[in-house]
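Asker: Quick one: the structure is below, questions incoming.
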């Protein structure tokens, strides 16, 4: 499963530099698939493809947010999600909408980083 940031976020930014996949962004900031990964392009569910550098709409305008499709819960990098470990208000929590097994998280890490 991915991690999500709840609306209890105080926008301290402690989590952002800790993410090995660059999946965490400040509220209102556009994100890219290529940021922090080896992805040059991404095939979408509808079969179309987009440039990895193409800016995507922010998930939140108010709070830091995590792009679930880039979150691996730090599997393959650390023993626990680093965003949750450094969050002073414990607002980095499991996202119940994105349940993934350890094998799926490893495969996602390999996809993101070209292993």
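Here, each number is a calculation from the coordinates, and none is a lab measurement. This structure is a prediction, so every number in the text was calculated from the model and none was measured. Cβ: placed from backbone, ideal geometry, glycine included. Neighbour counts: every protein chain shown.
Asker: If each of residue 41 and residue 69 carries a label point 7 Å out from its Cα toward its Cβ, how far apart are those two points in nm?
Answerer: Reported label-point gap for residue 41 and residue 69 is 1.5 nm.
Asker: Dividing the alpha-carbon Rg of the chain by 2.2 N^0.38 Å yields what?
Answerer: Numbers: Rg = 13.5 Å, N = 115, 2.2 N^0.38 = 13.4 Å.
For the chain, the normalised Cα radius of gyration is 1.01.
Asker: Relative to the longest principal axis of the chain, what angle (0 to 90°, nearest 10) does the C-alpha long axis of helix 102-113 take?
Answerer: Tilt of helix 102-113: around 70 degrees.
Asker: Starting from the Cα gyration tensor of segment 37-88, take the square roots of the eigenvalues, sort them a ≥ b ≥ c, and report rounded, prolate or oblate (rounded when a/c is under 1.5, otherwise prolate if a/b is larger than b/c, else oblate). Please list the in-between numbers first.
Answerer: Details: a/c = 2.79, a/b = 1.53, b/c = 1.82.
Since a/c reaches 1.5 but b/c is at least a/b, the shape of segment 37-88 is classed as oblate.
Asker: Additional query: Would you mind ranking 33, 111 so that the residue whose beta carbon has the fewest other beta carbons within 10 Å leads the list?
Answerer: Details: 33 21, 111 15.
Fewest-to-most Cβ neighbours within 10 Å comes out as 111, 33.
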